[in-house]
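The values are calculated or read from the model by the stated rules, or taken from the named source; none is laboratory data. Just so we're clear, the structure is a prediction, and the values are computed from it rather than from any experiment. Positions of Cβ are generated from backbone atoms using ideal geometry, with glycine treated the same way; all protein chains shown enter the neighbour counts. Just the protein is used for accessible areas: all its heavy atoms, side chains included, with ligands, DNA and RNA removed. Shrake-Rupley method; radii C 1.70, N 1.55, O 1.52, S 1.80 Å.
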Amino acid sequence: MRLSRYFLPVLKENPSEAQIVSHRYMLRAGMIKQQAAGIYSWLPLGYRVLKRIEQIVHEEQARAGHIPLLMPTLQPADLWRESGRYDDYGQEMLRIKDRHDRDMLYGPTNEEMITDIFRAHVGSYKDLPMTLYHIQWKFRDEMRPRFGVMRGREFLMKDGYNFDIDKDAALHAYNRHMVSYLRTYERMGLTAIPMRAASGPIGGDNTHEFLVLASTGESEVFYDSAVTDLKLGEREVDFDNRDEVAGICKEFTTLYARTDETHDAALFDQIPEERRKVGRGIEVGQIFYFGTKYSESMGATVVTPDGSKVPVEMGSHGIGVSRLLGAIIEASHDDKGIIWPEGVTPFPVGIVNLKQGDASTDLACEGLYKALKAKGLEALYDDREERAGAKFATMDLIGLPWRITVGPRGLANGVVELTSRRSGESEEISAEAAVDRIVQIYAAHR
């Protein structure tokens with residue numbers, strides 16, 4: 001993408017309404033525009049990151065054997081009356097009437113609708129286990145939406161729902177989601193700690209939140225610092241192997257890590273003092289097992305091998321797709337701007353032409369741009385008639401992990417400058433070597 005043809009409305013000054021880093025940088029980098037309180041348009045740069053995060057979520061759900069679909073944003077109120085949640089959910093639910101005076105709502109979650117889909121089409125234990133999920137816009141009418149996409153009213157969420165014949169199978173689905181989420185967050189460059197939490201209006205006894213440590217987090221958290229060293233890495237996981245999946249979950253949940261809602265001071269005090277940490281965390285996902293809470297009230301049953309009918313065991317599992325952009329920025333930035341991890345960056349590399357209009361630099365930049373494109377990597381090429389300082393400031397603000405700088409002096413010596421956004425370190429190498437290095441770096445993120 002050539003920056004001269006791209007829509008990137010960057011701001012030089014910090015917007016007065018932005019209270020936290022991610023909100024400031026998303027506005028300044030031209031990623032979002034507020035349309036109403038807690039409701040945003042996603043501009044091209046922000047939309048690219050949003051789609052990249054969505055892609056990673058889809059890939060890891062597929063790896064775990066989960067099946068995508070798409071449910072509507074508007075739901076009939078009668079489904080929620082069946083489950084008993086319509087009156088209980090509270091003012092966060094946006095209730096509306098259609099032209100025929102039927103009660104409708106803008107879905108804050110989809111337990112009722114997915115249960116309705118299941119009961120209409122599945123009736124035998126032979127079709128289980130089954131996990132269905134979608135990535136869809138939700139609406140929760142927050143009283144005080146703030147912090148940009150971190151606490152908006154409209155947000156993009158992945159929500160998945162498992163259906164199983166018995167509790168053991170449902171708990172395996174719970175564990176399977178935990179492991180798939182761990183890999184999902186790691187691919188985004190995040191350390192997201194699973195912490196025992198409260199279930200809230202979803203219901204159920206088993207639930208973990210995934211929290212990213214950040215000073216701006218809405219939740220107070222208590223944890224053993226050793227938990228931050230745990231990594232799933234490149235382990236191959238057999239998601240059908242209950243013992244293997246349960247073992248990974250035990251590895252990641254044995255060390256103490258809890259939100260303030262479930263904190264146990266006596267257990268916390270048993271941790272060695274030097275590893276006893278208190279901080280704040282940003283919730284980026286949550287998994288629930290709630291048994292037959294919805295299947296019993298809504299008649300979602302299957303026939304067992306002995307011919308009897310039983311309500312299916314269920315759970316729901318969510319990832320805050322749009323919220324993740326804010327969480328990543330909160331965890332990865334400096335005073336110049338965003339620092340995107342390679343897994344989610346909108347563009348893998350930026351090309352800066354120090355002397356636009358000079359035949360040799362223009363030719364070299366075009367060569368780099370085309371060579372990267374031939375390798376399946378779309379660079380952001382700053383071909384504007386701007387001074388070098390302005391170009392560097394834009395690249396630092398939008399946070400691409402790598403920058404290739406091309407100027408007459410370097411070209412005279414047969415080199416370009418390759419710079420890491422994270423470390424700030426630069427290296428003078430040939431244009432061909434720079435392309436090879438970028439290709440090698442991103443090979444692990446495809």
key: Test: residue in the stretch 219-232 that is within 26 Å of Gln55 (Cβ to Cβ), assigned by the TED database to the domain that holds His317 and among the aromatic types (Phe, Trp, Tyr)   = no
remark   = Conditions (1) over 25 Å from Tyr161 (Cα atoms); (2) open to solvent by less than 40 Å² (accessible area, probe 1.4 Å) -> Ile248 fails only (1)
query = Assuming Pro305 fulfils every condition listed in (1) at pLDDT 95 or above; (2) open to solvent by 20 Å² or more (accessible area, probe 1.4 Å) apart from one, which condition is it?
reply = (1)
query = List, please: which pairs have Cβ atoms under 9 Å, are six or more places apart or on different chains, and start with a residue in the stretch 407-434 that is on the phi > 0 side of the Ramachandran plot and end with one that is assigned to a helix (DSSP H, G or I)?
reply = Gly414/Ala431
Residues of the stretch 180-197 satisfying the condition of being part of a helix (DSSP H, G or I) and either surrounded by fewer than 24 Cβ atoms within 10 Å (Cβ to Cβ) or not β-branched (Val, Ile, Thr) (or both) = Ser180, Tyr181, Leu182, Arg183, Tyr185, Glu186, Arg187
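Which residue, of Gly326, Gly281, is part of a strand (DSSP E or B), closer than 22 Å to Asp260 by Cβ and not assigned by the TED database to the domain that holds Glu425? Walk me through how you get there before you give the answer.
Working: Gly326 fails: part of a strand (DSSP E or B).
It is Gly281.
Against the condition more than 30 Å from Glu366 (Cβ to Cβ), out of contact with any Phe, Trp or Tyr (no Cβ under 8 Å at 6 or more places or on another chain) and in contact (Cβ under 8 Å) with a residue 60 or more places away in the chain, how does Tyr6 come out, does it pass?
no
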message = Based on this model, can you work out whether Thr262 counts as surrounded by fewer than 18 Cβ atoms within 10 Å (Cβ to Cβ) and outside any helix (DSSP H, G or I)?
response = yes
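Quick one: in the stretch 15-50, which of the residues that are hydrophobic (A, V, I, L, M, F, W, C), part of a helix (DSSP H, G or I) and open to solvent by 10 Å² or more (accessible area, probe 1.4 Å) is farthest from Arg5 (Cα to Cα)? Can you show your working first?
Taking the stretch 15-50 and keeping what is hydrophobic (A, V, I, L, M, F, W, C), we get 18, 20-21, 26-27, 29, 31-32, 36-37, 39, 42-43, 45, 49-50.
Going one step further and asking which of them are part of a helix (DSSP H, G or I), we end up with 21, 26-27, 45, 49-50.
Still in the list and also open to solvent by 10 Å² or more (accessible area, probe 1.4 Å): 21, 27.
Working: Val21: 28, Leu27: 20 Å.
Among those residues, the one meeting the criterion is Val21.
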task = Might you check whether a residue that is of a type outside the set (A, V, I, L, M, F, W, C), on the phi < 0 side of the Ramachandran plot and touching a helix residue (DSSP H, G or I) at 6+ places or on another chain (Cβ under 7 Å) occurs anywhere in the stretch 134-145?
result = no
key: Lone qualifier among Gly350, Gly407 - being over 24 Å from Arg187 (Cβ atoms) and open to solvent by less than 20 Å² (accessible area, probe 1.4 Å)   = Gly407
query = Looking at the stretch 265-290, which of the residues that are of a type in the set (Gly, Ala, Ser) and crowded, with 21+ Cβ neighbours inside 10 Å is modelled with the highest pLDDT?
reply = Gly285
ask   = Across the stretch 418-440, what is the number of residues that are open to solvent by 60 Å² or more (accessible area, probe 1.4 Å) and of a type outside the set (Gly, Ala, Ser)?
value = 8
request  = Within the stretch 204-247, work out how many residues are acidic (Asp, Glu) and closer than 19 Å to Phe268 by Cα.
outcome  = 4
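This table checks each residue for (1) over 30 Å from Glu342 (Cβ atoms); (2) surrounded by 13 or more Cβ atoms within 10 Å (Cβ to Cβ); (3) without any contact (Cβ under 8 Å) to a residue 60 or more places away in the chain.
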| position | (1), (2), (3) |
| --- | --- |
| Arg52 | no, yes, no |
| Gln61 | no, yes, no |
| Ile67 | no, no, no |
| Thr73 | yes, yes, no |
| Ala77 | yes, yes, yes |
| Arg85 | yes, yes, no |
